[in-house]
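Structure record follows, encoded as structure tokens.
The values are calculated or read from the model by the stated rules, or taken from the named source; none is laboratory data. This structure is a prediction, so every number in the text was calculated from the model and none was measured. Note that each Cβ is placed from the backbone with ideal geometry, even for glycine, and that neighbours are counted across all protein chains shown. Quick note on the areas: whole protein, heavy atoms, side chains included, nothing else; ligands and nucleic acids left out. Shrake-Rupley method; radii C 1.70, N 1.55, O 1.52, S 1.80 Å.
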Amino acid sequence: MTSAVTTAFGKAAADGRAALVGYLPAGFPAVDGAIEAAKVMAAAGADVIEVGLPYSDPLMDGPVIAEAVQRALAAGTRVADVLRTVEAVAAAGVAVLVMTYWNPVDRYGVRAFARDLAAAGGSGLITPDLTIEEAGSWLDAASEHDLDRVFLVAPSSTGERIATVTGACRGFVYAASLMGTTGARDAVSADAAGLVARTREHTRLPVAVGLGVSTGPQAAQVATFADGVIVGSAFVRRLLEAPDAAAGLASVSDLTAELFEGVSRKTR
């Protein structure tokens with residue numbers, strides 16, 4: 001069975017552009033507010049939405065996402081709210097993945113999480129801190145419920161490691177363009193294109209680049225060598241800096257439109 005994520009990447013490729021993947025944490029600025037922001041993002045051109053599961057020890061998150069996550073946790077956001085967010089966004093017709101650290105899934109129960117995610121219409125998980133060697137229970141549960149499993153490769157990954165990681169992926173491969181935490185950067189990492197090229201030596205899955213993309217021109221640059229462009233901190237910052245909910249939604253819509261124009265200027 002073809003997942004909604006696979007379909008979204010395929011449609012973008014057929015349109016001659018890179019896919020736009022947007023991230024927002026569930027529960028920020030509120031559960032319903034996050035749902036509305038994700039819907040606005042989808043309406044303005046995002047092909048895939050990553051719903052972040054708020055976690056108290058977000059090792060990869062930079063200060064912008066960390067602040068939003070802490071606000072979501074302080075407001076009492078739970079896994080049930082994440083699943084409700086997934087359900088609402090999937091119902092709007094866009095492919096949805098959950099981006100999560102492994103501990104909350106392990107605590108919930110791996111098979112139960114996979115079951116409930118699939119029931120909510122989610123396509124799968126992005127698991128930044130889960131190694132392939134420790135992923136057996138998730139790979140089994142994902143196969144049982146036909147879910148995508150997205151793992152990360154990094155500039156430090158050897159060819160052997162990339163082969164191992166991509167062999168376990170389904171949906172797409174997440175290429176972390178730089179070492180360190182999430183956050184908008186002034187320029188795209190010089191390592192990104194090389195990492196994508198090395199990853200393609202080992203897989204036919206789409207390769208999407210994340211960490212550091214925040215503007216239309218940066219998205220256009222990444223779209224020349226990657227199959228997808230992942231943006232997170234820039235969206236969260238728009239909501240953090242907005243004077244009210246309506247302004248935040250308008251700002252997210254404007255940024256999505258700018259980024260979509262960028263990924264549509266693919267020239268490779």
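Annotations for the structure displayed:
- C-alpha center-to-center spacing [segment 224-264, segment 1-79] in angstrom: 11
- Using a simple spin-label model with pseudo-atoms 7 Å out from Cα toward Cβ, ALA13 and ALA247 lie 4.2 nm apart.
- The length gained by stretching the chain between ASP140 and ARG265 to full extension, at 0.36 nm per residue less their Cα-Cα distance, is 41.1 nm.
- Between amide H atoms placed 1.01 Å from N, distances below 5 Å from MET99 occur with VAL51, GLY52, LEU53, ILE126, all of them 5 or more places distant or on a separate chain.
- Pair ALA197, THR224: separation of 7 Å Cα→Cβ label points (nm): 1.3
- Value of [θ]222 nm, deg cm²/dmol, for the chain, DSSP H segments ≥ 4, -39500 (n - 2.57) each, nearest 500: -14500 deg cm²/dmol
- Cleavage-rule hits, trypsin sites (Lys or Arg not before Pro), segment 125-176, DSSP coil, Cβ neighbours within 10 Å at most 14: none
- Accessible-area composition of the chain, carbon plus sulfur, in percent [1.4 Å probe]: 52
- Å² of accessible area per residue within the chain, as computed with a 1.4 Å probe and no ligands counted: 39
- Taking 0.36 nm per residue of separation and subtracting the Cα-Cα distance, full extension of the segment from ARG115 to THR2 would add 38.9 nm.
- Computed extension gain for ASP106 through THR131, at 0.36 nm per residue and net of the alpha carbon distance, reaches 7.6 nm.
- Of the GluC sites (Glu not before Pro) found in segment 201-268, the ones in coil according to DSSP and having at most 10 other Cβ atoms within 10 Å of their Cβ are GLU201.
- Separation in nanometres of the label points that stand 7 Å from Cα toward Cβ, at GLN70 and SER156: 2.5
- Mean separation of Cα pairs under 8 Å and 6 or more residues apart, divided by the residue count, gives the chain a relative contact order of 22 percent.
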